[in-house]
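The values are calculated or read from the model by the stated rules, or taken from the named source; none is laboratory data. Keep in mind it's a predicted model, so treat the numbers as computed, not measured. Every residue, glycine as well, gets a Cβ built from its backbone with ideal geometry; the counts of neighbours run over all protein chains shown. Only protein heavy atoms, including side chains, enter the accessible area calculation; ligands, DNA and RNA are left aside. Shrake-Rupley method; radii C 1.70, N 1.55, O 1.52, S 1.80 Å.
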Amino acid sequence: MDLTRRKLFGIGSGAAFAALLRTPAQSAERMPMGGAARPQPGSGRADHTIRIRTGLIELGPDSTVSTTTYDGIFPGPLLRLTEGKRVTVDVFNDTDTPEQLHWHGQFLPPDVDGAAEEGTPFILPHRMRRISFVPSPAGFRFFHTHIAARTNLALGLYSGQIGLVYIEPKLNAGAYDQEIFLTLKEFGPYLSHTEMPHDFLAPTNIIPALKDESVAATNAALKRGLPESYELAYSFFSVNGRMLGEGDPIRVRSGQRVLFHVLNASATEVRSLALPHHLFRVLALDGNPVPRPADVPVLWLGPGERISAVVEMRQPGVWVMGDSNDEDRMRGMGIVVEYAGRSGRPEWVKPPAFRWDYRMFANPGAVAPRPDEILDLKFTATPGAGAGFDQFAINGVPFSMENMQAGFHFRSGRRYRLRMRNATDDVHPIHLHRHRFELTSIAGIATAGVMKDVVQIGGFQEMTIDFTPNPGLSLFHCHMQHHMDFGFMALFSAT
Ligand SMILES: [Cu+2]
């Protein structure tokens with residue numbers, strides 16, 4: 001470890017931790033061959049090549065799954081890009097079905113972003129599509145397929161099409177001890193009727209009228225004879241494509257500061273992560289530095305969410321870093337953290353009771369700018385009405401994949417507040433393409449300064465998020481595959 005690092009780690013203030021985020025490890029970005037000029041779109045060699053192909057993922061002994069991946073591996077490649085520095089990517093589709101590759105969390109034009117609804121061309125079977133874009137904003141992003149799966153559990157986010165992107169800031173002034181990317185992912189999906197109850201968000205106050213509406217919708221569905229809704233269950237649980245105990249442990253030394261970039265790559269499941277006797281200092285949410293880094297014993301992530309957090313390694317031992325759900329962790333959702341010189345059976349300790357509250361990472365007292373306009377968006381569900389799944393609607397309208405019409409129109413440059421009201425009992429991870437948004441109230445309580453591209457809204461709760469539209473079409477949807485496939489989507493247009 002060099003002196004610069006030691007000095008940086010010695011400071012220990014929130015500001016210094018935040019600086020860590022802006023000063024990641026050396027870029028592993030591949031340079032153009034022989035220092036030649038960067039190839040232009042349509043000519044020469046691409047900076048990166050991604051192959052969509054099927055492959056076998058060995059999660060553990062007797063636990064190999066066949067799925068569609070990027071480059072035959074899971075997770076797919078980690079692309080280290082530089083903010084503002086144009087890249088060319090050749091995406092080959094070696095499968096027999098059309099694909100979309102979505103650059104989650106970046107501000108890209110609609111024809112590159114990777115959603116058919118926005119007008120991105122499909123990557124046709126056994127063809128290649130070359131794209132070129134300027135990476136932005138800096139931070140932890142990822143890429144994934146954006147195909148509707150509906151009842152085909154081999155498609156979309158049920159597959160292994162997940163790759164990571166780290167966009168280095170233009171200024172790259174330092175490093176830290178270790179930087180570790182963790183991708184949380186289940187495999188082997190099947191239909192079930194058991195829903196995992198989740199009660200982990202704060203604040204907890206709900207809006208009774210939204211609950212009444214949900215109860216009425218459920219009763220009406222029962223009266224119509226609609227079936228009990230399908231939920232998803234999984235056979236395999238993994239971190240970085242290995243079941244707990246089956247991959248290499250994370251090897252650390254006492255005194256190290258380890259920066260974790262955690263992605264919940266699940267199609268449908270909320271995940272948690274804890275490391276016994278250690279705290280996570282959360283530096284960034286969805287790759288965006290938070291106004292106030294805060295220490296938490298447990299990370300909670302909805303599908304599509306990312307957390308960057310640093311852990312000071314001061315509790316020598318061999319630990320299980322895993323999901324707080326005992327069953328899922330014992331079936332693989334965890335990874336071993338091993339201190340140098342320590343051996344033995346990895347130990348798990350149940351984390352303290354803890355509620356996830358995005359406001360922890362905001363500056364208390366910060367006030368968001370007033371929006372130019374407020375738009376109400378109400379989320380409702382009809383149980384069993386979507387091929388046996390819940391059928392969702394936004395303001396009464398289930399998104400039509402056939403028409404793909406923009407349902408909401410905005411003027412670019414204006415600040416809009418989306419007042420989201422959830423008249424369902426589910427937590428929904430709400431995602432807006434091509435933008436990031438500011439959390440401006442949670443369960444009716446004002447907040448400001450936390451920037452995200454996916455946010456979980458609790459059952460029967462209200463939440464507001466503010467954004468300034470970029471021109472063009474942008475998809476807005478729940479990031480749970482079975483929700484977005486059955487209506488929980490809208491197309492925003494901005495001029
Ligand atoms: Cu949802």
Residue within the range 159-172 that is among the aliphatic types (A, V, I, L, M), over 21 Å from Phe486 (Cα atoms), surrounded by fewer than 24 Cβ atoms within 10 Å (Cβ to Cβ) and modelled with pLDDT under 95 present: yes
Residue pairs meeting the criteria (Cβ under 9 Å; at least 6 apart or on separate chains; first over 17 Å from Val215 (Cβ atoms), in the range 377-394; second basic (Lys, Arg) and open to solvent by 10 Å² or more (accessible area, probe 1.4 Å)): Leu377/Arg419; Leu377/Arg421; Gly386/Arg150; Ala387/Arg150; Phe389/Arg150; Ile394/Lys378
Subset tally (residues that are of a type in the set (Phe, Trp, Tyr) and open to solvent by 20 Å² or more (accessible area, probe 1.4 Å)) for the range 351-364: 1
Pairs where the first residue, in the range 106-118, is under 12 Å from Met401 (Cα atoms) and the second is not in a loop (DSSP other than H, G, I, E, B), C-beta under 7 Å, 6+ apart: Ala115/His102; Ala115/Leu475; Glu117/Leu475; Glu117/Leu491; Glu118/Pro110; Glu118/Leu473; Glu118/Ser474; Glu118/Leu475
Flag for Asp328 being modelled with pLDDT of 95 or more and surrounded by 20 or more Cβ atoms within 10 Å (Cβ to Cβ): yes
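Results for (1) more than 22 Å from the chain's Cα centre (by Cα); (2) β-branched (Val, Ile, Thr), shown as yes or no for each residue.
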site	(1), (2)
Leu275	no, no
Ala284	no, no
Val290	no, yes
Gly302	no, no
Trp319	yes, no
Gly322	no, no
Arg329	no, no
Tyr339	yes, no
Residue ID - farthest from the ligand (Cβ to nearest atom), chosen from residues in the range 411-434 that are within 21 Å of Gly105 (Cα to Cα) and of a type in the set (A, V, I, L, M): Leu418
Scan of the range 294-319 for residues that are in a strand (DSSP E or B) and open to solvent by 10 Å² or more (accessible area, probe 1.4 Å), ordered by number: Ala294, Asp295, Trp300, Glu312, Val318, Trp319
One residue from Phe437, Phe392, Phe379, Phe408 being away from the ligand (no atom under 14 Å from the Cβ) and open to solvent by less than 10 Å² (accessible area, probe 1.4 Å): Phe437
Residue match in the range 343-350 (condition: surrounded by fewer than 17 Cβ atoms within 10 Å (Cβ to Cβ), part of a strand (DSSP E or B), on the phi < 0 side of the Ramachandran plot and touching a residue at least 40 places away in the same chain (Cβ under 8 Å)): yes
Flag for Glu213 being in contact with a His (Cβ under 6 Å, 6 or more places away or on another chain) and open to solvent by 50 Å² or more (accessible area, probe 1.4 Å): no
